1. Which one, Gly57, Phe166, Trp147, is farthest towards the positive end of the dipole of the stretch 2-192 when Lys and Arg carry +1 and Asp and Glu -1 on their Cβ?
2. Sort the stretch 59-113 into rounded, prolate or oblate with this rule: let a ≥ b ≥ c be the square roots of the eigenvalues of the Cα gyration tensor; rounded if a/c is under 1.5, and if a/c is not under 1.5, prolate when a/b is larger than b/c, oblate otherwise.
3. All other residues with a Cβ under 13 Å from the Cβ of Ala6 taken together, and with Lys, Arg as +1 and Asp, Glu as -1, what is their net charge?
4. Between Thr50 and Val174, what is the spin-label point distance in nm, taking each point 7 Å from the Cα along the Cα→C-beta axis?
5. Restricting to Cα pairs below 8 Å that are 6+ residues apart, what does the relative contact order work out to for the stretch 2-192? Please round to a whole percent.
6. Summing -39500 (n - 2.57) over the DSSP H runs of n ≥ 4 in the chain and dividing by its residue number, what mean residue ellipticity at 222 nm do you reach, to the nearest 500 deg cm²/dmol?
7. As an exercise, use a Förster radius of 25 Å and the Cβ-Cβ distance of Asp141 and Ala19 to find the FRET efficiency, rounded to the nearest 0.05.
8. Quick check on the stretch 1-108: take the gyration tensor over C-alpha atoms, sort the square-rooted eigenvalues as a ≥ b ≥ c, and tell me if it's rounded (a/c under 1.5), prolate or oblate.
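Readers should treat all values here as calculations from the given coordinates under stated rules, not as data from a laboratory. In this text the structure is predicted, and so the values were computed from the model without any measurement. Because the Cβ atoms are built from the backbone with ideal geometry, glycine has one as well, and the counts that use them run over all protein chains shown.
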Amino acid sequence: MTMASAAFSAAAIVCVATAPRQAWLGVLIAVLLAIGYILDSADGQVARLTGMSSLAGEWLDHVVDSVRVPAIHLAVLVGILQADILPRWTILLPLAYTLTSAGHFMSQILAEQLRRGRLDGDNSSPKAAGTLRSWLVLPTDMGTLCWVFILWGIPQVFIAAYGSLFLVQLVVVVASVRRKYLALMPIPVEQRGRGV
């Protein structure tokens, strides 16, 4: 399932980077990305249900994700340059999106690993996010980004929607990185005895 997810995403990425902009193409790209996203979301659950989950599978899933997300934004960069319709400054959006997405992904993965080590084998996960927080971070979800590509054939509208998602992503990433940094700070010795 991971490889099928990667294949659908790769097909969408190639379309973004190479195909001429047309209204129907945006729909195709969005559907391909969405299928890739659905398969990526389901692969871990299917592996657990079938008893086939493994560290190798988890590793492969993370490797594919670490390539997929920057590749989407870099394809947008290539698409903008090839079309040569939008103002030159718009190439900064996919570059900035690439950097923040890669940094956020690394922050999440590394914080999880460091937290496991710090808690000496306590692999309990943090409390589930509340409903409000889930809605607030929805614009940063890959599933939301997929559907923005429906607008790919209308460059000015696409770049406005894409840029809006980037701004939300930037705010969420800054808040998330700060929260993770503070959570990983050492607990002062005088507070340890008080159970803080």
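1. Value computed over the given set: Phe166.
2. oblate
3. -3
4. Between Thr50 and Val174, the simple spin-label model gives 4.4 nm.
5. Taking the mean separation of contacting Cα pairs over the length of the stretch 2-192, I get 30 percent.
6. Value at 222 nm, helices only: -25500 deg cm²/dmol.
7. 0.50
8. oblate
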